[in-house]
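The values are calculated or read from the model by the stated rules, or taken from the named source; none is laboratory data. Nothing here was measured: the structure is a model prediction, and the numbers come from that model. Quick reminder, even Gly has a Cβ in these numbers, built from the backbone with ideal geometry, and neighbours come from all protein chains shown.
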Amino acid sequence: MRHAAHFARLVALVAVAVAGFLFVRSKVVPKDFGVKGHYRLSAIADEAKREPRHIGSADCADCHSEIYEAWSTGKHHIPQCENCHGPGLMHTKVVGEESTAAYPDKMLKVSKLAIRRPTGFTECKWCHLKTFERPSTLKSIASVEQHITQHNGKYTPDSKCVDCHNPHTTLVTPGKSGLAFLSQAAK
Amino acid sequence: MTTPQTSDDVTRRDFLETVAKTGGQSFLFGSMFVNTALLRLPQDAAPASAKAKADAEAGKGIIYGFVVDTTKCIGCGSCVRACRAENGVPDGYNRTWVEQYTFYPNGEVVVNSPVGGENGFAEPGPTRNMPAELATVQPVRGFFVPKLCNHCIDTPCIQVCPVGASFKTDEGVVLVDHERCVGCAYCVQACPFGSRYLNPDTMTADKCTWCYHRITKGKLPACVVSCPAEARIFGNVSDPTSKISQILATNRVQVLKSYLGTRPRTRYIGLDSEVI
Amino acid sequence: MHHFITEGYVLPNQQHIYWTVMIVLYPYITGIVAGAFIISSLHHVFDKDELKPVSRFAMVMAFAFLLFATLPLLNHLGHPERALNIMFTPNVTSAMAGFGFIYSTYLFILAVEIWLVYRTDIVHLYNETKYPALRPVYWLLALGVLDISKEAEAVDHKVMLFLASIGIPAACGLHGYVGFIFGAIKANPWWASPLMPVIFLLSAIVSGVAMVMICYIIIQWLNGREISGPAVQALIETAWYFLIIDVVLELLELINHAYMANEDWAILKTLVTTKLFVSMFVIQILLGSVIPFLAMGAVVVFKERIPAMVRNIIGVAGGVLLLAQVAAMRWNVVMGGQMFSKSLRGFLNFEVDIGGREGLLAGIFIFCLPFVVIFVFSRLLPLWGDVSTFPKEWMKEKPVERQPLKGWSKFSS
C-alpha cells in the first residue's frame, strides 16, 4: 500500500460510481425490455390498444339504416361514409352519451355532434374536379361554372353540387336540392 | 541475504497489489449488480420462445405487406385526410402523402405534394410547386404516387436508434416506443424515404404504423379503407389466399430506392423511373 | 421547429430542419477537445519540449470543453430527461449510442491525467494556500492523500504516460464516432462517405490547436508575460500540417462526388454552388484554408527569419481563420445535408434562429462556459507552469528572516 494510496481511492471511487450506475439502471429500465429484441415489449401493446377512430360504414348503418341502404345500393357506394363525414368514433360516443374525456378536444370540436358536416361542395371536388394526371375513367368536370351552365342551370358563387346531386346515391334532381332525398335509394 | 530489490520494483508491486485488492473488492460488489441489471435471467428467455412456438402453431405466423397501385390513384387525397384523422397526425407533418408527377414536352418533370395532397390536387392551394415558365404549357402525361412508411426488412431507422425506441414486431411492422424515445431525430435523418418526423406534441419520433391499432383488431388501415380507387392494398403476405398475395403473384412490383438495400415491404405497381 | 421556405419539391416531412445550431456546436466542442489534447500529448508522450509552455493549459482547456460537450446535445433532445437511456439500453448498432460510454471513458482518462499532472501542486497548495476555505477543496482534489514523495511521483508518471498513450486513441474515438454518425447514413448522399470520420477528426485537431494557440498568445500578452517563440512555432507547424491533410481530404470528398456524378450530384452541385457558396468557398476554403495555409506556411518555411511579433500575429489571426474554417465545415456538413430534400428535387432555405432554445445566442453562451471553468481553474491551480508560477500573493507568506541590524554589529558575534 506504499505510494499508491491515491490510486486505491480513485479505483474505489470508480467502483462506487459504476455500482451506482448499475443500481440505478436496474431500477429504471423496464423489466420487459430486451425480452424479445432491443425494445420494450409492452410498447407493442401500447400501440395496439389505441381505439380505431374510423368505425367503418357498416357500423353507421346501426343508426342510419335508410341512408346506408340508399348509399350501398346506389352508384356512390365506393367512397365510404367516413370519407366525407370524417371519423365516426366521437360521434357514436357523443350520441351514445359516453365519456369523451380521454380524447383530444380537436376531435370533438368539428361540430355539435362530433362528426364532420360536409359542405356538399368541397368533398365532391376532391374526386370530381378534373386534374390532368387523373385516370380518365372517373367522371370529372373541368369547372363548376361550366358544368352548371352546360346543364342550363344558374351559376352563382354560392352554388353547390348538392343543389342538384344527391351525394349518397348520385341521383340528380335538378331544381330541387339533392339533400331532400338523402335516404331515397336510386331506382 | 538476498539482493535488495530496486525501489521501482517495490513500488510497482505494491501499486498493483493495492489496485488489485481494492479493485477486486469493488468488482465483486459491482458484479452482483451486473448480474441483476444487465444479464437476462434464464426464465425470462423461456416464455418468449414458448409463446412464439404456440403462436406459430396457432397459425399466427402473420407477415404484413402493402401494395400501392399507382396506376389507379386518382389523387383525391382521401387517404391523407383519413390518416390524419385516424392517428391525430399534427399539421405540417404526414404519415402518408400523395405525390403528383407532371411531364412536359421538353422532358421536364414537375413533382408536387401540396400539404401532402390533403386537399386533393384539383384545388391544391398556393403551396403548389410550379416553375413559372411551365405554367401555361400543356403537359403530356402525369400520374399520382401515394407514399407511406415502407416498413423495411433491413430498417436503417431501427439500426440507428440509440436507445431501442424504434423496433419491429413479429409481423414486420416498424413501430416507435414513445416512452423511450429521447427525440434525437437520428431515425428521421436515417430514413431514405422521408417517412419519419419528430412529432412536436410528443417530441418523439413518429411515422406511419400501418394502423397497427386497427390491423390487430381485424380492420384495415384507414388509408386503405378510405381509398375509393383501390390503389392501396394491405394484408397478410404469408397467406397465399389473401388479396395481397394474389396481387403480388400476378403483377410486376417495384420498391423505392432498392439500391439502398433496405428491402421495403411496401411494394409499388406502376412506378416510373422519375419516381425517386 | 417552424416551416421553412422551400424551393422545388421537398418531401412533406422534410419541411423542417431537425438538427441545427446545437448539432453543429457539439462536434465543434469535442473537436477543440481532441486538438488541445493532441498538443498536450505531443509534449507528454512524444517529448516535444517546445510545447511545454502550453501543455498544461491545453490539457485544462480540453477538460473544460469536454465538461460542456453534453450540453448542446441535452439542449437539443426532445426528451433530455430520458437521455440516460442511451447508457442504460444502448443499441449496439447505433453510432450515437456510443456517445455515453466513449464520452465517459474519455472524460475519466482526461480527468485522471490532469489530476496526476497537478497532484504535487495540489498537495503543495493544500499546505501553502493563504485561504483556509480552499483547504478542503485541495484536500478533496487530492482524494485525501498527501503523499508527494519521489516514489509516489514516479508511480504517477508511469500511469500518466500510460493514460496519455491510450488517451490518443480515445480522443480519436470520441471524435471519429461523430464523423461516423454522419458518414454511415446512406439515406443522405451529402453525408454518406467513409471519409467522414477522418475529416471530422482532422478538422477537430486543427480547431483545437488553433484554439490553444490563440488563447496562449492572447492570455500571455494580456498578462505581460513572455510568449515562447518555439512554442508558437511548434503550434503553427502542427496546425499547418494537420490543415493540409484535412483540406486535402475535404476537397477529395467533394471532387469524388463531382467526378462520380451519381444520381444525387445534380442537386448537390446546386447546393454547393448556390446555397453553400459563401460558407464553403469563401469561408471554409478561401478565408479558412488558403489564407492560413499561405501565412502559416511562411512561418513554417522561414522559421527564425520571421520576427516574433509577426509570428504571434499570424498565430492569432491564422488561428481565428482556422476556427472559422472548422465551424464552416461543420455547418456545411450538418446544415448542408438538410437543406436539400431526399426527393433530390428541392431545397430548404434555412434562416438561423438568433434566440430560442437552439438559437445562435444559446450556442454562443454554451461555447463561453468552458472559459469560465478555465478561469476558475486558474484561481486554484497554475495554468502555465508548475506551482512556482502560481501567484505568490495567494499563498501563505513565508516568515521573513530577520536581518541583524547593521548598527548593532558590535553586540553580535
Test residue C:299 against the criterion of being touching a Lys or Arg at 6+ places or on another chain (Cβ under 7 Å), at negative phi and among the aliphatic types (A, V, I, L, M), and give yes or no.
-> yes
In the range C:357-369, what count of residues is obtained for those that are within 14 Å of chain B (Cβ to nearest Cβ) and surrounded by fewer than 18 Cβ atoms within 10 Å (Cβ to Cβ)?
-> 1
Identify the residue in the range C:108-137 that is among the hydroxyl-bearing types (Ser, Thr, Tyr) and either surrounded by fewer than 21 Cβ atoms within 10 Å (Cβ to Cβ) or outside any helix (DSSP H, G or I) (or both) and, among all such residues, is nearest to the other protein chains (Cβ to nearest Cβ).
-> C:120
Taking the condition at pLDDT 95 or above and farther than 30 Å from residue B:179 by Cα, does residue B:121 pass?
-> no
Examine the range C:216-234 for a residue that is within 13 Å of residue C:34 (Cα to Cα), buried (at least 20 other Cβ atoms within 10 Å of the Cβ) and in contact (Cβ under 8 Å) with a residue 24 or more places away in the chain, and state whether such a residue exists.
-> no
Evaluate the following for residue B:144: is it in a strand (DSSP E or B), more than 25 Å from residue C:187 (Cα to Cα) and modelled with pLDDT of 95 or more?
-> no
How many residues does the range B:164-185 contain that are free of Cβ contacts under 8 Å to residues at least 40 places away in the same chain, part of a loop (DSSP other than H, G, I, E, B), small (Gly, Ala, Ser) and out of contact with any His (no Cβ under 6 Å at 6 or more places or on another chain)?
-> 1
Between residues in the range C:7-18 that are without any contact (Cβ under 8 Å) to a residue 40 or more places away in the chain and within 7 Å of chain B (Cβ to nearest Cβ) and residues that are among the hydroxyl-bearing types (Ser, Thr, Tyr) and crowded, with 23+ Cβ neighbours inside 10 Å, which pairs lie under 6 Å by C-beta distance while being six or more apart or on different chains?
-> C:12/B:113; C:13/B:197
Please list, ordered by first then second residue, the pairs with beta carbon atoms under 7 Å, 6 or more apart or interchain, first in the range C:334-345 and more than 7 Å from chain B (Cβ to nearest Cβ) and under 22 Å from residue C:178 (Cβ atoms), second in a helix (DSSP H, G or I) and of a type in the set (Lys, Arg).
-> C:339/C:275
Could you pull out every one of the strands (runs of 3 or more DSSP E) wholly within the range B:190-270 that has 1 or more residues that are surrounded by fewer than 20 Cβ atoms within 10 Å (Cβ to Cβ)?
-> B:232-236, B:266-269
Select, from A:95, A:110, A:162, the only residue that is among the hydrophobic types (A, V, I, L, M, F, W, C), within 27 Å of residue B:79 (Cα to Cα) and within 14 Å of chain B (Cβ to nearest Cβ).
-> A:110
Considering B:120, B:92, B:107, B:88, which residue is out of contact with any Cys (no Cβ under 6 Å at 6 or more places or on another chain), within 12 Å of chain A (Cβ to nearest Cβ) and of a type outside the set (A, V, I, L, M)?
-> B:88
May I ask you to say which residue of C:352, C:326, C:372 is out of contact with any strand residue (DSSP E or B) (no Cβ under 6 Å at 6 or more places or on another chain), β-branched (Val, Ile, Thr), more than 14 Å from chain B (Cβ to nearest Cβ) and assigned to a loop (DSSP other than H, G, I, E, B)?
-> C:352
Among (1) under 14 Å from the mean Cα position of the chain (by Cα); (2) more than 20 Å from residue C:322 (Cβ to Cβ), residue C:207 falls short only on (2)
Based on what the data block shows, is residue B:62 closer than 20 Å to residue B:217 by Cα, in a loop (DSSP other than H, G, I, E, B) and in contact (Cβ under 8 Å) with a residue 40 or more places away in the chain?
-> yes
Restricting the range C:55-81 to residues that are among the small types (Gly, Ala, Ser) and away from chain B (no Cβ under 14 Å), the one nearest to residue C:109 (Cα to Cα) turns out to be C:62
Quickly run through the range C:155-170 and pick out the residues that are facing another protein chain (nearest Cβ under 9 Å) and surrounded by fewer than 16 Cβ atoms within 10 Å (Cβ to Cβ).
-> C:158
For residue A:136, which of the numbered conditions (1) more than 17 Å from residue A:182 (Cβ to Cβ); (2) within 11 Å of chain B (Cβ to nearest Cβ); (3) crowded, with 16+ Cβ neighbours inside 10 Å fails to hold?
-> (3)
Hey, which of the helices (runs of 4 or more DSSP H) in the range C:1-107, taking only ones fully inside, have at least 3 residues that are β-branched (Val, Ile, Thr)?
-> C:21-44
Restricted to the range A:48-68 and to residues being hydrophobic (A, V, I, L, M, F, W, C), part of a helix (DSSP H, G or I) and more than 8 Å from every other protein chain (Cβ to nearest Cβ), the residue surrounded by the fewest Cβ atoms within 10 Å (Cβ to Cβ) is A:58
Considering only the range A:8-47, state which residues are within 34 Å of the chain's Cα centre (by Cα) and either in a strand (DSSP E or B) or more than 7 Å from chain B (Cβ to nearest Cβ) (or both).
-> A:30, A:32, A:33, A:40, A:41, A:42, A:45, A:46
Please determine, by comparing only the residues of the range B:147-163 that are in a loop (DSSP other than H, G, I, E, B) and β-branched (Val, Ile, Thr), which one is nearest to the other protein chains (Cβ to nearest Cβ).
-> B:163
Would you call residue C:152 surrounded by 17 or more Cβ atoms within 10 Å (Cβ to Cβ), within 10 Å of chain B (Cβ to nearest Cβ) and modelled with pLDDT under 90?
-> yes
May I ask you to list pairs of residues, at least six apart or on different chains, whose Cβ atoms are under 9 Å apart, with the first in the range A:143-167 being over 21 Å from residue B:121 (Cα atoms) and the second being in a helix (DSSP H, G or I) and polar (S, T, N, Q)?
-> A:155/A:146; A:155/A:149
Is there any pair with a first residue in the range B:217-229 that is at the interface with chain A (Cβ under 7 Å from one of its Cβ atoms) and more than 21 Å from residue A:44 (Cβ to Cβ) and a second that is polar (S, T, N, Q) and not in a loop (DSSP other than H, G, I, E, B) whose Cβ atoms are under 8 Å apart and which are 6 or more apart or on different chains, and what are they?
-> B:226/A:83; B:226/B:78; B:228/A:83; B:228/B:78
